[in-house]
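Here the structure comes first, spelled out in structure tokens, and everything after it is commentary.
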Amino acid sequence: MRAPKVVHVTSVHRPFDIRVYLKECRTLATAGYDVVLIAPSRHDLQRDGVRILGLPPARNRLHRMVGICWVAYRLAAKESANVYHIHDPELLPWAQLLRLQRAVVVYDMHENVPAAILTKTWINRGLRRVVSLAYRAIERLLMTGLPVVFAEHSYVHAYPWVKRYATVLNLPALERVPQTTGCRYPVPTVGYVGGVTTDRGSVVMLRAIGLLKDRGLIVHCECIGPVSDQHRSELLDLIRELNLPSARIRGYLPPEEAWNVISKCHVGLAVLKPTPNYVESYPTKLFEYMAMGIPVVVSDFPLYRSVVERERCGICVNPESPEAIADAIQWLILHPSEAIEMGSRGQAAVRERYNWTQEAGKLLAFYDSLLIREQRPCR
């Protein structure tokens, strides 16, 4: 009897995305599934038991949402899988086409899009609520009959009409994240890894470092993650304005390379602004910093505070106050023994509780339930 085949499909994420590939696809492959990943890539690849089928580059967003999604659907349909697992809202119409062919299709909800729309600056402020409500109505229609993997507990409450679901948090896979507290940069350094945007704290982080320089405390900065050309230019202008030659905007790096840079930092930052999605969602970077034994400075949201205060692994601050962020960084740098203890406590907590092992079990159990319920024999 052949192993059950699962096809993960994304038109947005890179082929070695941390959640999609490093965690979910590799977990399924290790458990004996025949795993295919369809993702943007110039080449077809095979790695860690996962066969990756490349999608051509998109010329623009419209081409990606129509042309590239059509290509992704055609590739997926050819695989005749037991389960299809999609990762992007723009793939929902194609998911319904697969479902009409009597396929089991799972939607992996990485983000509460209707909530995110309420803070999108490219949408007129007066129209955001209307657009959010319209999107929610269309989304509900397109999610009909799809079992869902929620990336956050809060999404369950936002989607009470979804009856078949599992909540699989985006916690660190410990075997991939460097876990050392013994090797730091010779100069105090703060690190950030993740999407680089104003809402995620890029500007306020630099302004905090500028304040520290004014106080006579030189702090280096490593900022890693996808960043638009326009925002990179804005940040470089701000770096010149504040005279911060040691602040580096590296852009995207492969996960292992990014973690190796961050693991040598003295402080990990996650000062996201109080938008609906961020307030109610764990920042994966918080747990990655903890796994690396780095004390954290994070937004003073109840969800974040519940982890940081319980584990005594960092400081919670007003994410819109450069002064508060600078004060927290300064305290950690000037109290190295306490900072090391915070990092050690956070690292122990991740090893015991906040890691991918238990989430992998949830994912596998959910797949088992789907295959049993749908009575799909292995092909």
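Please treat every number below as a calculation from the coordinates, not as lab data. Here the structure is a predicted model, which is why all the values come from computation and not from measurement. Neighbour counts are summed over all protein chains in view; Cβ atoms, including those assigned to glycine, are modelled from backbone coordinates with ideal geometry.
In a DSSP loop and with at most 11 other Cβ atoms within 10 Å, the trypsin sites (Lys or Arg not before Pro) in the stretch 1-56 are 2, 42.
Given 0.36 nm per residue, what is the gain on full extension from residue 111 to residue 70 after removing their alpha carbon distance, in nm? Write down the numbers at each step before the final one.
Working: separation 41, 0.36 × 41 = 14.76 nm, distance 2.24 nm.
Full extension from residue 111 to residue 70 adds 12.5 nm.
Under a Cβ-Cβ cut-off of 13 Å, what is the net charge of the residues other than residue 213 that fall near it, where Lys and Arg count +1 and Asp and Glu count -1?
Working: positive: 207, 215; negative: 214, 241.
Value of the local net charge: 0.
Would you mind counting up the charge near residue 171? Only other residues with Cβ under 11 Å from its Cβ, with Lys and Arg at +1 and Asp and Glu at -1.
Numbers: positive: 19, 23, 353, 362; negative: 288, 359.
The answer is +2.
Note on the chain: GNM, Cα springs under 10 Å; of 231, 220, 13, the largest mean-square fluctuation is that of 231.
Using just its DSSP H runs of length 4 or more, each adding -39500 (n - 2.57), the chain gives a mean residue ellipticity at 222 nm of -12000 deg cm²/dmol after division by all residues. Counting Lys and Arg as +1 and Asp and Glu as -1 over every other residue whose Cβ lies under 14 Å from the Cβ of residue 75, the net charge comes to +2.
Cβ-Cβ distance of residue 176 and residue 59, R₀ of 45 Å, FRET efficiency by 1/(1 + (r/R0)^6): the value works out to about 0.85.
The distance separating the Cα centre of the stretch 97-141 from that of the stretch 32-80 comes to 22 Å.
Nearest 5 percent is fine: what portion of the DSSP beta bridges confined to the chain is antiparallel? Expressed as a percentage, antiparallel bridges in the chain total about 5.
Can you list the chymotrypsin sites (Phe, Trp or Tyr not before Pro) in the stretch 152-195 that are in a DSSP coil and have 10 or fewer other beta carbons within 10 angstrom?
Details: sites: 155, 161, 165, 192; in loops: 161.
Of the chymotrypsin sites (Phe, Trp or Tyr not before Pro), the ones in loops of the stretch 152-195 whose Cβ has at most 10 other Cβ atoms within 10 Å are 161.
In terms of the mean number of neighbouring beta-carbon atoms within 10 Å, the peptides 297-304, 365-372 order highest first as 297-304, 365-372. Annotation note: trypsin sites (Lys or Arg not before Pro) in the stretch 272-357 located in DSSP loop regions with a Cβ neighbour count of at most 16 within 10 Å are 312, 353. Summing Cβ point charges (Lys, Arg +1; Asp, Glu -1) relative to the Cα centre of the chain gives a dipole of roughly 1180 debye. Here residue 198 and residue 358 are evaluated by their C-beta separation; at R0 = 30 Å the FRET efficiency comes out at 0.30.
If R0 is taken as 41 Å, the Cβ-Cβ distance between residue 133 and residue 337 corresponds to a FRET efficiency of 0.20. Amide H contacts for residue 85 (H built 1.01 Å from N in the peptide plane; partners 5 or more residues away or on another chain; cut-off under 5 Å): 7, 8, 9, 106.
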